[in-house]
Amino acid sequence: MSGVMLALSVAATAGAQTSKPQADLLAAAAVPRADSDTKPADSTASTTAAAALPKWFDELAVNAFVSTGYVYNNNRPGTGANSYRVFDFNDNSFNLDVAELVVQIAASKPNDAGFRVDLAAGNSIPQITKTQDQNAAQFDLQQAFASYIAPLGSGLRFDVGKFVTHMGYELIEGYDGYNDNYSRSILFGYAIPFTHTGVKVSYAFSSKVAAMVEVVNGWDLLRDNNRSKSVGAQLTLMPVAPLSVLLNWIGGAEIANDNHTNRNVFDVVAILKPTKTLTLGVNGDYGIENGTSIVNPGSDATWKGIAGYATLALTNKFSVALRGETFHDEDGVRLGTGTKATMSEGTFTPAYKFTDHVLLRGEVRFDTANQPIFAKQGTLSDKQTTVGANVIFVY
């Protein structure tokens, strides 16, 4: 963290960027850096120092994000691991989920060029989000891409490198976006990818319609594991001010050394904000992969799920969030049970925002399944209840 504080002392905080890719094209540019006041006696030295810095340094933004938490599992799993959890998988343990440093020059208008690098370390999130071909367990170069906005129409944006997926309602949290619940949904962990490496092109046709197309190495890979590339797309619709809809898809061969077994996932996200204090959301996924079913060998594997969200701000500091979802792994490939499995969960998350930089969340979550798949004191159960707490620091 000393490195973080040193970086923060020489660069100003950037304005928040939305975590949904297409919203970058529909939102305002980041707030420019504002230098601190200088005493008259130091004006000559300050002018000389400023002149010595390259012009691009003025546009450099550095931000930090830290998340730490604790989870207790009523099943007391003998393995010490919560079953089918994405990031909050350690039972009865305090965890540094992630400490993240983001360095960037934001591209926001035609002819702008920029970059973004997200460095993440910790004993929870980086272990999961790291690519399949990465060895370091507690470190992840979560994003590293360069951007250019070509002067075509409203601006044709190109991003090249590694970036988080466009799929899903929930996020890999960071300074510019965090979820209303501490734990992640089943859909987040088992229906969609986390990151991609490749190139994506985005364009805003109007304030209500934007689109993105990408060609990438596949799911969670720095280097492709076969000779076939995956293609993804997103259509963002904002028909009226309180409603936004994102239609997502990704398809391609994802099995190592197999160029023909295609996997396709269709994802829809809808967000409605009927009042200033209430936000409603829904996320649906449907996936299919050729001939990989374990339940019916030779048949296509399919999975599907739906999640609903409601967040109510009771005051400007205190809010409560509810999530309910169900996920069907029809062919035993996504949850790894080898059987037709269904999981559901309900989550309640109260949150208190001490300042713009510090947030405290509590959480109670109840998971159920149609068969005993949750670890419980050396045996298995069809239920799992956890209680957790999470503190977030954002700069």
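Observations
- The strands (runs of 3 or more DSSP E) found wholly in the stretch 334-395 and carrying at least 1 residues that are more than 30 Å from LEU101 (Cα to Cα) and of a type in the set (Phe, Trp, Tyr) occupy 358-369, 374-376.
- Those residues of the stretch 230-269 which are in contact (Cβ under 8 Å) with a residue 60 or more places away in the chain, more than 17 Å from THR292 (Cα to Cα) and open to solvent by less than 20 Å² (accessible area, probe 1.4 Å), in sequence order: GLY232, GLN234, THR236, LEU246, ASN248, ILE250, ASP267, VAL269
- Single residue of the stretch 209-227 satisfying the filter (of a type in the set (Gly, Ala, Ser) and out of contact with any helix residue (DSSP H, G or I) (no Cβ under 8 Å at 6 or more places or on another chain)) that is most open to solvent (accessible area, probe 1.4 Å): ALA211
- Any hit, the stretch 372-388, residues being within 22 Å of the chain's Cα centre (by Cα), under 22 Å from GLY177 (Cβ atoms) and not β-branched (Val, Ile, Thr): yes
- When restricted to residues that are closer than 26 Å to SER344 by Cα and either part of a strand (DSSP E or B) or open to solvent by less than 10 Å² (accessible area, probe 1.4 Å) (or both), the stretch 162-183 contains 8.
- Restricted to the stretch 281-298, and to residues there that are out of contact with any Gly (no Cβ under 8 Å at 6 or more places or on another chain) and in a strand (DSSP E or B), the residue that is most open to solvent (accessible area, probe 1.4 Å) is TYR286.
- Among residues of the stretch 207-229 that are aromatic (Phe, Trp, Tyr), those with a Cβ under 6 angstrom from a residue that is open to solvent by less than 70 Å² (accessible area, probe 1.4 Å), sequence gap 6+ or separate chain, pair up as TRP219/PRO193; TRP219/GLU254.
- Scanning the stretch 77-87 finds one or more residues that are of a type in the set (Phe, Trp, Tyr), buried (at least 23 other Cβ atoms within 10 Å of the Cβ) and part of a loop (DSSP other than H, G, I, E, B).
- Pairs with Cβ under 8 Å, 6+ apart, first in the stretch 47-75 and more than 22 Å from PHE393 (Cβ to Cβ) and at pLDDT 75 or above, second among the acidic types (Asp, Glu) and surrounded by 14 or more Cβ atoms within 10 Å (Cβ to Cβ): TYR72/ASP91; ASN73/ASP91
- Count of residues meeting criterion [open to solvent by 40 Å² or more (accessible area, probe 1.4 Å) and either assigned to a strand (DSSP E or B) or in contact with a strand residue (DSSP E or B) (Cβ under 7 Å, 6 or more places away or on another chain) (or both)] in the stretch 124-151: 6
- Scanning the stretch 110-121 for residues that are farther than 14 Å from ASP159 by Cα and in contact (Cβ under 8 Å) with a residue 40 or more places away in the chain gives a single hit, ASP118.
- Some residue of the stretch 260-272 being assigned to a loop (DSSP other than H, G, I, E, B), over 30 Å from THR355 (Cα atoms) and more than 21 Å from the chain's Cα centre (by Cα): yes
- If only residues of the stretch 94-109 that are farther than 20 Å from LYS130 by Cα, out of contact with any helix residue (DSSP H, G or I) (no Cβ under 6 Å at 6 or more places or on another chain) and buried (at least 16 other Cβ atoms within 10 Å of the Cβ) are counted, the one that is modelled with the highest pLDDT is GLN104.
- Residue match in the stretch 192-208 (condition: in a loop (DSSP other than H, G, I, E, B), open to solvent by 40 Å² or more (accessible area, probe 1.4 Å), modelled with pLDDT under 95 and in contact with a Leu (Cβ under 8 Å, 6 or more places away or on another chain)): yes
The values are calculated or read from the model by the stated rules, or taken from the named source; none is laboratory data. From a predicted model like this one, the values you see are computed outputs, not experimental measurements. Heads up, the Cβs are rebuilt from the backbone with ideal geometry, glycines too, and the neighbour counts pull from every protein chain shown. Accessible surface areas use protein heavy atoms only, side chains included; no ligands, DNA or RNA. Shrake-Rupley method; radii C 1.70, N 1.55, O 1.52, S 1.80 Å.
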